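Have a look at the structure below before the remarks.
Taken together, the values in this text are just the output of simple stated rules run on the coordinates, not laboratory data. Everything numeric in this text was worked out from a predicted model, so none of it was measured. Glycine also receives a Cβ, built like all others from the backbone with ideal geometry; neighbour counts cover every protein chain displayed.
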Amino acid sequence: MEEIANLENVNFLGHKFIRYVDVGKVKEALKLEKDRLNISQIEIIEDVNSTIQDLYKMIYPNLKLPEKKCFDNIIFENIFYGKQKHIYVEYFDLKTGDIMDDEFVKNNIFATLNTINTKDSNNGIDFQLRKQILPEGFDLIKYLDINHIGVEFVSNLKIDKDDDENIKKIRILYGKTVTNKKKGKDDPRKMYMLAGIEIDIEKKRIVTLIRNEANIDNGFTLTGMYQSILSKIISKINLIIKKRNEKMEKELMYSYCMRLNETICEKHQLVVESECSQHIKDFVSDTLNNDLKIEEKVNSGEREEILDKIQSIFLGKYLKVSNDDGFLRQDIFNANLKGYPTDITFKGVANSGKGRAQSSDKYIPLVTSGLYHSLSSEMRMAQDLTKWRMAWFEHSIYSKDKIDSEKVKMKDLEVIQSTIEITKKYFHITILTQKHLDREAIYFVIDELLGEYSG
């Protein structure tokens, strides 16, 4: 670790954070704020080869304190949300008599974070730098260079308040120095493993964001990292973490998924029913009565199940043909739906094990799968989605204004997928994209899935 004598004169030391940064996104944000920041060196932002270090060197020293905070926040949010695409959700209550105010933050949240930051006095955060770690918040990204493997730290505490000084959300950036197994010439031997923790006071919800690291030589697992955060931070900050209701969460996801699929199928199902329903009934009756001679032994419920399965198979085939040229996806978008399921895994009733239906890729809605329709009755009985996947229209995620859906062409209907997995230990969302994300995209997915659910 480089010893810091004077924070005012220090160069950018946060090199291990850079692998979490999208410098292009940072430059876009700086361009939007250039007048507010009074940035005169616009050429350094427009230079495609300029780095984060260049931006700090050329722009940062000339900024006043409020502008420096704005600059720091752009970097912080780029790191906090961009590459950490594994999302875990918990809910909490305050203890009776507790108020989420500055005093609570100081005595509980800050005290917990400060314990982590002062645990390793020799190999952790520089003594001079610890003076910057304050209850009202801190940002150590540009100063922090911890090289000792296994050292844990909190680089950021950010407290957001409304105009009346009420705390709205608290964000924590937690990290650990680990060994990189990858041996490429451009791959550092030591790197940071980071996780973002966001506490929403109004919704009483804690969201943890983690990046899945494939090349760590320290026994890293996603669930291990999350359990570590639960035990070392979330369980220590004097909140009542609600016991998760796995059954209710699965039912909630089942309802969301099935309601969406039913909406997608609705008008197409009417076509199939009007054209095929009577033919199918006649076929089933004729087969049971004349061919198999078992009509009297088949009750009305069993007959309806047979009819339902056959009609579902026809519907699946009809939808598949409808999507051959992408028209089904266009229909879904034009109906102002946010996207469509592409994969489901459910637990069957009794001892029937797990069932699964999936489409072949993210551009093909699940309802085009014949297997999905043949399993529909089992899914309705079980209502137990253990894992499923959703393709979200990017236009739905990012549009600030209402879209004229008729003007959006099929070729422009790009999607981002997310996988939702529910177990006894966690509610886990994975956003499946190589793109650098932002808060808008992450919370679009969370809020769309969970809505007003509060644990």
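Some notes on this structure:
- Cα-based Rg / Dmax (Å) for the range 122-164: 12.6, 43
- Note on the range 86-241: dipole from Cβ charges, positive end direction compared against I167, L239, V207; the farthest Cα belongs to V207.
- Measuring between their Cα centroids, the range 293-323 and the range 17-36 lie 56 Å from each other.
- CD proxy at 222 nm, helix term only [per DSSP H run n ≥ 4: -39500 (n - 2.57); per residue of the chain; nearest 500]: -11000 deg cm²/dmol
- For the pair T430 and A335, the difference between a 0.36 nm per residue extended length and the Cα-Cα distance amounts to 31.6 nm.
- Cα gyration tensor shape for the range 246-450, rounded if a/c is under 1.5, else prolate or oblate: oblate
- Sparsely packed trypsin sites (Lys or Arg not before Pro) within the range 277-369, loop by DSSP, other Cβ within 10 Å at most 16: K293
- Pair-distance profile P(r), taking every C-alpha pair of the chain, with 20 angstrom steps and integer %: 21, 47, 24, 7, 1
- Percentage relative contact order, the range 246-450, counting C-alpha pairs under 8 Å, at least six apart: 21
- Kirkwood-type radius of the range 1-157, with distances r between different C-alpha atoms, in Å: 17.5
- Chymotrypsin sites (Phe, Trp or Tyr not before Pro) lying in DSSP loop within the range 80-160, provided at most 11 other Cβ fall within 10 Å: F127
- Scattering profile of the range 287-374 at q = 0.19 Å⁻¹ [log10 I(q)/I(0), Debye over alpha-carbon scatterers]: -0.93
- Pairs of Cα atoms nearer than 8 Å and 6+ residues apart set the relative contact order; for the chain it is 15 percent.
- Taking every C-alpha pair closer than 8 Å and separated by at least 6 residues, the mean separation divided by the residue count of the range 86-241 gives a relative contact order of 27 percent.
- Looking at the range 1-107, the trypsin sites (Lys or Arg not before Pro) that sit in a DSSP loop and have at most 13 other Cβ atoms within 10 Å of their own Cβ are K64, K95.
- Set K34/K119; K16/K250; K247/K338; K25/K236; K182/K362 screened for pairs whose C-alpha atoms are more than 28 Å apart: K34/K119; K16/K250; K25/K236; K182/K362
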